[in-house]
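S.K.: Quick one: the structure is below, questions incoming.
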Amino acid sequence: MLDQIRIVLISTTHSGNIGATARAMKNMGIADLALVDPVAELDSEAVVRASGAVEILDNAKIVGTLEEAVADCSMVIGTSARSRHIPWPLCNPRECASKAKQAAGQGNKIALVFGRESSGLTNEELQRCNLHVHIPTDENFSSLNVASAVQVLCYEMRMAALADTPDEEDLQWGVPWDYELATHEELERFYEHLEGTLVDIGFLDPNTPKQLMTRLRRLYGRVAMDKVEVNMMRGMLKATQRQANQSNSKK
């Protein structure tokens, strides 16, 4: 399970936080680190704070966008300390680890995404996630250092990995799932196809989109579609577009 977990840091401004994150990861047996558009460099402070986990820094993948960081992941979990205008599936770290364990047991990669030190993840970035995880800190002092947040979630991941594997009858569906979950990249292509189809049939006005696609992302994110289901949905969208084009040509 731990080999299938990736820690993603977005636009980290302090190199010491990157080093401390690497140390927290190594403590819990997690080694896959991705840095999205980091402001800080991997300098001597990062090495010092890594305290023996330098190989995680050396192997860290540096990319320009969140999409690149999670393209091969089927479950993307965003950390959120703020309430949002539109409710989104939310869990605590222990529940998060349980969901991640089930997904990993079916061969899926999981990304845990952490935002900027000052402002966390943007609404757009959180919309790219299947669910959100919130660390229930004291409401009078809720600010949590990013490396500390990584430590909390990595600990829960390790505890879940060390726990006894559940019997098949304890799984949510009674038996192991039959197909791998769709990757983030496959889901993004589906959302682009869905939006284009809704525009084609006149259901979505691109000039006044309101929050339609945001709510549809939330809907399909809750479902956690597998690869076959995504292909089915895209086939339905293609058929819908063909029918719409035929109707328009007859007018």
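S.K.: Somewhere in region 189-200, is a residue in a loop (DSSP other than H, G, I, E, B) and at pLDDT below 95?
M.R.: Looking through region 189-200, none of the residues is in a loop (DSSP other than H, G, I, E, B) and at pLDDT below 95.
S.K.: Would you check if D37 is without any contact (Cβ under 8 Å) to a residue 12 or more places away in the chain and more than 16 Å from V150 (Cβ to Cβ)?
M.R.: no
S.K.: A follow-up question, please. Based on what the data block shows, is N108 exposed (fewer than 14 other Cβ atoms within 10 Å of the Cβ) and under 16 Å from the mean Cα position of the chain (by Cα)?
M.R.: no
S.K.: Moving on. Go through region 29-50 and give me each residue that's surrounded by fewer than 20 Cβ atoms within 10 Å (Cβ to Cβ) and under 16 Å from V152 (Cβ atoms).
M.R.: Within region 29-50, just G29 meets the criteria.
S.K.: What are the residues in region 203-250 that are basic (K, R) and over 16 Å from L181 (Cβ atoms), if any?
M.R.: K210, R215, R218, K238, R242, K250 - these are the residues of region 203-250 that are basic (K, R) and over 16 Å from L181 (Cβ atoms).
S.K.: OK, next. Pick from region 232-251 the residues that are part of a helix (DSSP H, G or I) and of a type in the set (K, R): which of them is farthest from I201 (Cα to Cα)?
M.R.: Looking at residues that are part of a helix (DSSP H, G or I) and of a type in the set (K, R), I get R234.
S.K.: Is there a residue being in a loop (DSSP other than H, G, I, E, B) and either closer than 18 Å to S74 by Cβ or under 20 Å from the mean Cα position of the chain (by Cα) (or both) anywhere in region 223-230?
M.R.: yes
S.K.: Right, next: In a loop (DSSP other than H, G, I, E, B), modelled with pLDDT of 95 or more and of a type outside the set (S, T, N, Q): which single residue out of I30, I18 fits that description?
M.R.: On inspection, the qualifying residue turns out to be I30.
S.K.: If you don't mind, another one. Do we find that S44 is over 21 Å from M75 (Cα atoms) and without any contact (Cβ under 8 Å) to a residue 12 or more places away in the chain in this structure?
M.R.: So S44 fits the description; yes.
S.K.: Assess whether A24 counts as being hydrophobic (A, V, I, L, M, F, W, C) and assigned to a helix (DSSP H, G or I).
M.R.: On the way: hydrophobic (A, V, I, L, M, F, W, C): yes; assigned to a helix (DSSP H, G or I): yes.
Answer is yes for this residue.
S.K.: A further question on this structure: Report whether or not A97 is within 12 Å of the chain's Cα centre (by Cα) and in contact (Cβ under 8 Å) with a residue 40 or more places away in the chain.
M.R.: no
S.K.: Moving to a separate point now. What residue, among those in region 56-90 that are in a helix (DSSP H, G or I) and in contact (Cβ under 8 Å) with a residue 24 or more places away in the chain, is surrounded by the fewest Cβ atoms within 10 Å (Cβ to Cβ)? If you could, list the steps in order and put the result at the bottom.
M.R.: Filtering region 56-90 down to residues in a helix (DSSP H, G or I) leaves 56-58, 66-70.
Of the ones still in play, those that are also in contact (Cβ under 8 Å) with a residue 24 or more places away in the chain are 56-57, 66-70.
Working: I56: 22, L57: 20, L66: 26, E67: 14, E68: 16, A69: 26, V70: 28.
Residue satisfying both the conditions and the ranking: E67.
The values are calculated or read from the model by the stated rules, or taken from the named source; none is laboratory data. All figures in this text were calculated on a predicted structure; none of them were measured in a lab. Ideal geometry is used to build each Cβ from the backbone, glycine not excepted, and the neighbour counts take in all protein chains shown.
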